[in-house]
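Scroll down for the structure; my scribbles are underneath it.
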Ligand code: HEM
């Protein structure tokens, strides 16, 4: 038998449908910010348009892509077979319907639509969690990275549960006035517990794999993972015991992130691949964005209420940088490696090793990917500065640049999935 | 016929098996063959091998794991 098709990697179509949904959401979100910058980027933060945009990015884009990528990566990284792949295939549809309904509900601010979308979303994500549980129960050797991914998934479930309780509160008011306490921990669980911890777990495996790096110290990984989880936990605990000061969780999270950033740097230093690939450059930009965000959060909790860091503008700039810098740049970079890899395996896996097949980097246009990188990275940084400094024109122009970068990305994704001839 | 280099990667966690294979290839001559034993298929290795101009073959072994044979493309098939 000479085929690379293996039981331990699911067929391409399962991850791809989640990933394509994600990219469409990402594009719509960029477009919306460009069309309504005043509504979306000047506050107040809790308005229908912003809440809708936030969930388009967190659920439609980031969560969808992470779910799709995990279907592909968990078998590879944790060395197990997927439990029920058919269930994963089916669950895509209720997730899509639920998330779209929720986002529309937030936008038109109709609490019945919000509660309906929230319920479908919650049920389909819980079913996803249950299905993942089946896969994870078969993992034989738990690594640090696997543990981070597991904790990330648990926080995902909690984020969804909290969101669900808030949607029901909005519709039926059963929690009375306690939405405020729920909201803070909902954001901490989603942003830090789900996305950031998951990125730690996946990146600690993939960054060395893609940079071809080994022999670096791994001693900081577990502390970073535990501190990040502990920090998230403190933020959740604050919802129940408001006496816990915010700077406690924020400090743990800040230290965790600095350890992670140091680790990424060390991994790059020990790399074999001479030229840093696109995925590594995007990761580096993403980590810089992450440091900025976590430093702002930390500073805000240290300085307390009433400081300039508590200003709504700073809050929006940090939120923008969190979602479109730290999380999005990390995802876009990894998709530049993962989608070609999936497409390559799907089309050429059987021929690889026996006859000439196209190389991974020949699956997309390099000029376009370079343009994509600079437009997204510089554009995102400039939007951040524009929001922070209240410069409307700069913000608009930079939003245009990021939209162009997103288009370049979408074009290259299209290229990646087209059949190609081998050049050699 | 060149040398045959054997590599036992069982019990190692990714990306270590893949890194060891790439490292070993750098020390080998054009006519040499690498035979590696892995617990799993090193999926991300295959595109790297293509990039470096190697032909390869993966076979499941009795009792679990895979045997991956790598040689310079265009050379005699081991
Ligand atoms: C899993 C990733 C998620 C993340 C990262 C996330 C993040 C957020 C953020 C940042 C906000 C504040 C929005 C703003 O300030 O404009 C928020 C609010 C909210 N989220 Fe989520 N969310 C997630 C999932 C969900 C889900 C699945 C639901 C519903 C089932 C949900 C329901 C809500 C509700 C009802 C609000 C508050 C609306 C209000 O205060 O009136 N969220 N979320």
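Here are the numbers for the structure shown:
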quantity	calculated
Residue, farthest from the chain's Cα centre (by Cα), within segment A:265-277, restricted to residues that are in a helix (DSSP H, G or I) and surrounded by fewer than 21 Cβ atoms within 10 Å (Cβ to Cβ)	A:269
Candidate set: segment B:36-64, residues that are more than 9 Å from chain A (Cβ to nearest Cβ), touching a strand residue (DSSP E or B) at 6+ places or on another chain (Cβ under 7 Å) and surrounded by fewer than 16 Cβ atoms within 10 Å (Cβ to Cβ); chosen: the one nearest to residue B:12 (Cα to Cα)	B:37
Residue under evaluation residue A:126, criteria (1) more than 11 Å from the ligand (Cβ to nearest atom); (2) surrounded by fewer than 20 Cβ atoms within 10 Å (Cβ to Cβ), criterion not met	(1)
Residues that are more than 20 Å from residue A:190 (Cβ to Cβ) and away from chain B (no Cβ under 14 Å), drawn from segment A:72-93	A:82, A:83, A:84, A:85, A:86, A:87, A:88, A:89, A:90, A:92, A:93
Meets criteria (modelled with pLDDT under 80, within 11 Å of another protein chain (Cβ to nearest Cβ) and more than 9 Å from the chain's Cα centre (by Cα)) for residue B:74	yes
Residue match in segment A:136-153 (condition: within 16 Å of the ligand (Cβ to nearest atom), surrounded by fewer than 17 Cβ atoms within 10 Å (Cβ to Cβ) and at pLDDT 85 or above)	no
Tally of residues being touching a residue at least 12 places away in the same chain (Cβ under 8 Å), assigned to a helix (DSSP H, G or I) and within 13 Å of chain B (Cβ to nearest Cβ) across segment A:347-374	5
Scope segment A:34-63; condition part of a helix (DSSP H, G or I) and away from the ligand (no atom under 13 Å from the Cβ); matching residues	A:34, A:35, A:37, A:38
Failed criterion for residue A:281 (all others in (1) in contact (Cβ under 8 Å) with a residue 60 or more places away in the chain; (2) in contact with a helix residue (DSSP H, G or I) (Cβ under 6 Å, 6 or more places away or on another chain); (3) surrounded by fewer than 23 Cβ atoms within 10 Å (Cβ to Cβ) hold)	(2)
Qualifying residue in segment A:43-54 (condition: without any contact (Cβ under 8 Å) to a residue 24 or more places away in the chain, surrounded by 16 or more Cβ atoms within 10 Å (Cβ to Cβ) and more than 28 Å from residue A:336 (Cβ to Cβ))	yes
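The values are calculated or read from the model by the stated rules, or taken from the named source; none is laboratory data. The structure displayed is predicted, hence computed values, not measured ones. Every residue, glycine among them, receives a Cβ derived from its backbone with ideal geometry; neighbour counts consider all protein chains shown.
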